[in-house]
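Input: one structure, supplied below.
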Amino acid sequence: MDTAETAVVLSGRSHPAQPDGGVEGYRAKRTLPVRVELARQLRRRRTRLTLGFLLVLPVLLLLSFEIGDAGGRGRTFADMATSSGLNFAVFTLFASTGFLLVVVVALFFGDTVASEAFWSSLKYLLAAPVPRVRLLRQKAIVAGVLSLFGLALLTAVSLGVGVLWYGAGNLATITGEAVPFPTGLVSLAAATAYLAVHLTWIAGLALWLSVSTDAPLGAVGGAVVVSILSEILDQITALGSLRAYLPTHYSTAYADLLGAEADWTEVAHGAFSALAYAALFTALAIWRFHRKDITS
């Protein structure tokens, strides 16, 4: 099948070739629709396993608290996790922020283009032809949808499990305040939204690495390693104000949203930092993919 005959395969249509070598009905904007790519990704085992683990994690945490000694009297998220359903959901987010959610986002974005290159199917996608920027955009959109769904799923399930087991009580904060359930619910939603924004820097980095290698594991692992390195450097107080430029410095800034009165200062700084890194890495990904010699 030559290029003219395959020009609209990914759009789900088949049209005869024209005398000039084009294809009747071919439109670049119709190639690789989001629904097609989303369906492809949902059929993959790694997607189902990842979302399944996010679904099961709150239950595992609940069992851990029930089996272990839940008699903590401190003011940390872990100590207050069993005081209400809201606190349980907050603890689940806090426990997942530094590593698990980073891995999930890195997996969905780092596996986008690199997996196609690994399977030697990338050159056929581009030969359809799907414009390079459009292919990268469609895959990034689907990866973003899956990442947002995973984050929302984790929050919703942890809240549901927590309320079912610990009740719909007030949200106890680390400063000793008691926030009513409705207000706490809004605070939890705001914290989840901030996490979604914060993780965009990982998404951009993983996407850049994905177009730079033919090994999906390398792209995913590279993004996770950079995050871990940033976390380690952020613990070095000798760096002083330089730590504010690390992409993970504001990873838990959403804690300022969980009080009776939200403090948006650190959240605003964290959102700006994450979006700036995301824009930089995404621009690098587009630049690299546009100039990359596709051989697989």
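The values are calculated or read from the model by the stated rules, or taken from the named source; none is laboratory data. This one's a predicted model, so the numbers in the text were calculated from it and none came from an experiment. Here Cβ is always computed from backbone atoms with ideal geometry, including for glycine, and neighbour counts include all displayed protein chains.
Which condition breaks for Ile174 when tested against (1) assigned to a loop (DSSP other than H, G, I, E, B); (2) at pLDDT 95 or above; (3) among the aliphatic types (A, V, I, L, M)?
For Ile174, the exception is condition (2).
Residue by residue through the stretch 25-69, note down the ones that are among the aliphatic types (A, V, I, L, M) and either more than 30 Å from Asp79 (Cβ to Cβ) or not assigned by TED's automatic domain parsing to the domain that holds Val133 (or both). Break it down stepwise before answering.
In the first step, residues of the stretch 25-69 are kept if they are among the aliphatic types (A, V, I, L, M); the result is 28, 32, 34, 36, 38-39, 42, 49, 51, 54-57, 59-63, 67.
Ala28, Leu32, Val34, Val36, Leu38, Ala39, Leu42, Leu49 - these are the residues of the stretch 25-69 that are among the aliphatic types (A, V, I, L, M) and either more than 30 Å from Asp79 (Cβ to Cβ) or not assigned by TED's automatic domain parsing to the domain that holds Val133 (or both).
Can you confirm whether the stretch 54-61 contains a residue that is at pLDDT below 90, β-branched (Val, Ile, Thr) and in a helix (DSSP H, G or I)?
No; the residues of the stretch 54-61 include none that is at pLDDT below 90, β-branched (Val, Ile, Thr) and in a helix (DSSP H, G or I).
Quickly run through the stretch 195-213 and pick out the residues that are hydroxyl-bearing (Ser, Thr, Tyr) and buried (at least 24 other Cβ atoms within 10 Å of the Cβ). If you could, list the steps in order and put the result at the bottom.
The first filter runs over the stretch 195-213 and keeps only residues hydroxyl-bearing (Ser, Thr, Tyr), leaving 200, 210, 212-213.
Listed by number, the list holds a single entry, Ser210.
Can you spot a residue in the stretch 229-242 that is crowded, with 19+ Cβ neighbours inside 10 Å and touching a residue at least 24 places away in the same chain (Cβ under 8 Å)?
no
With the requirement that a residue be surrounded by fewer than 16 Cβ atoms within 10 Å (Cβ to Cβ) and either under 21 Å from Leu63 (Cα atoms) or in contact (Cβ under 8 Å) with a residue 60 or more places away in the chain (or both), what does the stretch 169-180 give you?
Going residue by residue through the stretch 169-180, those that are surrounded by fewer than 16 Cβ atoms within 10 Å (Cβ to Cβ) are 174-178, 180.
Listed by number, the residues that qualify are Ile174, Thr175, Gly176, Glu177.
While we're on this one: Taking Thr252 as the residue in question, decide whether it is in the same structural domain as Arg46 (by TED's automatic domain parsing), surrounded by fewer than 16 Cβ atoms within 10 Å (Cβ to Cβ) and at pLDDT below 95.
Here the answer is no, as Thr252 does not meet what is asked.
For the stretch 26-53, which residues satisfy the criterion of being of a type in the set (D, E, K, R) and part of a helix (DSSP H, G or I)? Step through it out loud before you land on a result.
In the first step, residues of the stretch 26-53 are kept if they are of a type in the set (D, E, K, R); the result is 27, 29-30, 35, 37, 40, 43-46, 48.
Scanning the stretch 26-53 gives Lys29, Arg30, Arg35, Glu37, Arg40, Arg45, Arg46, Arg48.
Here's the yes/no breakdown for (1) at pLDDT below 85; (2) part of a helix (DSSP H, G or I); (3) over 21 Å from Val225 (Cβ atoms):
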| residue | (1), (2), (3) |
| --- | --- |
| Phe108 | no, yes, no |
| Ala114 | yes, yes, no |
| Leu125 | yes, yes, yes |
| Pro129 | yes, no, yes |
| Leu136 | no, yes, yes |
| Val145 | no, yes, yes |
| Leu151 | no, yes, yes |
| Thr155 | no, yes, yes |
| Leu159 | no, yes, yes |
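Just wondering, is there one or more residues in the stretch 83-103 that are closer than 17 Å to Pro216 by Cα, part of a helix (DSSP H, G or I), among the hydrophobic types (A, V, I, L, M, F, W, C) and modelled with pLDDT of 95 or more? Spell out the reasoning first.
From the stretch 83-103, those closer than 17 Å to Pro216 by Cα are 102-103; that's our starting set.
Retained after the next criterion (residues that are part of a helix (DSSP H, G or I)): 102-103.
From what is left, the residues that are among the hydrophobic types (A, V, I, L, M, F, W, C) are 102-103.
Still in the list and also modelled with pLDDT of 95 or more: 102-103.
Taking every residue of the stretch 83-103 in turn, at least one turns out to be closer than 17 Å to Pro216 by Cα, part of a helix (DSSP H, G or I), among the hydrophobic types (A, V, I, L, M, F, W, C) and modelled with pLDDT of 95 or more.
Is there a residue being within 18 Å of the chain's Cα centre (by Cα), among the aliphatic types (A, V, I, L, M) and over 19 Å from Phe99 (Cβ atoms) anywhere in the stretch 156-170?
Of the stretch 156-170, the ones within 18 Å of the chain's Cα centre (by Cα) are 156-158.
With the extra rule that they be among the aliphatic types (A, V, I, L, M), the set shrinks to 156-157.
Applying the additional criterion that residues be over 19 Å from Phe99 (Cβ atoms) yields 156.
Yes, there is a match, as at least one residue in the stretch 156-170 is within 18 Å of the chain's Cα centre (by Cα), among the aliphatic types (A, V, I, L, M) and over 19 Å from Phe99 (Cβ atoms).
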